[in-house]
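In what follows, a single structure is set out as structure tokens and then discussed.
The values are calculated or read from the model by the stated rules, or taken from the named source; none is laboratory data. Since the structure is predicted, the reported quantities are computational estimates derived from the model, not experimental observations. Every residue, glycine as well, gets a Cβ built from its backbone with ideal geometry; the counts of neighbours run over all protein chains shown.
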Amino acid sequence: MPLFAMPIDVLPIMPVEYMARKLFGHLFDAHPDLFDRMGAYRNCSFSFTPADLPLVFLVKPADPSLSLVRKGAPFTADAGVEAPLFMLLALLEGRCDADALFFSRDVQVSGDMEAVLALRNALDDCDIDLPKDLSRIGGLAAPLFEQLATVIRRRALKEMA
């Protein structure tokens with residue numbers, strides 16, 4: 001079976017985690033003050049669980065660091081957010097109403113609610129634009145990558161509405 005056709009739950013987690021860490025690192029390079037507004041909540045740990053993937057992303061803003069575990073594996077986090085991957089990314093960018101998604105139960109939040117609110121406020125101040133921020137890794141193809149990612153995001157947001 002070709003690698004690209006393999007379900008993600010049978011892939012070794014290391015290459016997926018490596019790519020996620022690279023992308024996360026580029027995001028921090030673009031927004032070095034991302035977690036500055038979190039105050040004491042910067043020391044909390046967060047889990048982000050894409051409902052449509054067998055992975056959990058663990059973020060520690062104080063480091064800042066990112067790690068991955070498979071769903072069902074033990075981990076600890078002060079607060080957690082679960083939603084489909086695209087919705088998590090839209091929340092990261094501030095492109096959807098987090099309160100409406102929470103109250104409609106499209107997003108589930110667990111643990112320290114104040115920590116999640118501190119994180120949301122920090123994200124609101126950063127003006128994250130994933131296609132633009134992450135296209136920098138594309139070198140000469142960066143403009144093409146940004147344009148393609150913007151089209152994908154626009155279509156996905158339209159379907160989400």
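For the reader, a short list of remarks on this structure follows.
- Pair list, Cβ under 8 Å, 6 or more apart: the range 3-23 residue among the aliphatic types (A, V, I, L, M), other residue loosely packed, with under 10 Cβ neighbours inside 10 Å and modelled with pLDDT under 85: Leu11/Leu3
- Filter pass, Ala62 being loosely packed, with under 14 Cβ neighbours inside 10 Å, part of a loop (DSSP other than H, G, I, E, B) and either at pLDDT 85 or above or not basic (Lys, Arg) (or both): yes
- Residues located in the range 8-59, provided they are among the hydrophobic types (A, V, I, L, M, F, W, C), part of a helix (DSSP H, G or I) and under 16 Å from Thr76 (Cα atoms): none
- Filter result for Gly72 (among the small types (Gly, Ala, Ser) and not in a helix (DSSP H, G or I)): yes
- Considering the conditions (1) closer than 21 Å to Asp127 by Cα; (2) not in a loop (DSSP other than H, G, I, E, B), Arg95 is excluded by exactly one of them, (2).
- Residue match in the range 27-42 (condition: under 16 Å from the mean Cα position of the chain (by Cα), among the hydroxyl-bearing types (Ser, Thr, Tyr) and crowded, with 16+ Cβ neighbours inside 10 Å): no
- Residue selected from the range 1-23 under the condition surrounded by fewer than 16 Cβ atoms within 10 Å (Cβ to Cβ) and under 27 Å from Glu114 (Cα atoms), by the criterion modelled with the highest pLDDT: Arg21
- Gly72 falls short on exactly one of the conditions (1) at pLDDT below 90; (2) at positive phi, and that condition is (1).
- All positions within the range 43-61 that are touching a residue at least 24 places away in the same chain (Cβ under 8 Å) and out of contact with any strand residue (DSSP E or B) (no Cβ under 8 Å at 6 or more places or on another chain): Asp52, Leu53
- Residues (without any contact (Cβ under 8 Å) to a residue 60 or more places away in the chain, closer than 16 Å to Met87 by Cβ and part of a helix (DSSP H, G or I)) located in the range 99-126: Asp99, Ala100, Leu101, Phe102, Phe103, Arg120
- Number of the condition not met by Gln108 [criteria: (1) surrounded by 13 or more Cβ atoms within 10 Å (Cβ to Cβ); (2) more than 15 Å from the chain's Cα centre (by Cα)]: (2)
- Selection status of Gly72, free of Cβ contacts under 8 Å to residues at least 24 places away in the same chain, within 19 Å of Ala30 (Cβ to Cβ) and either surrounded by 15 or more Cβ atoms within 10 Å (Cβ to Cβ) or not aromatic (Phe, Trp, Tyr) (or both): no
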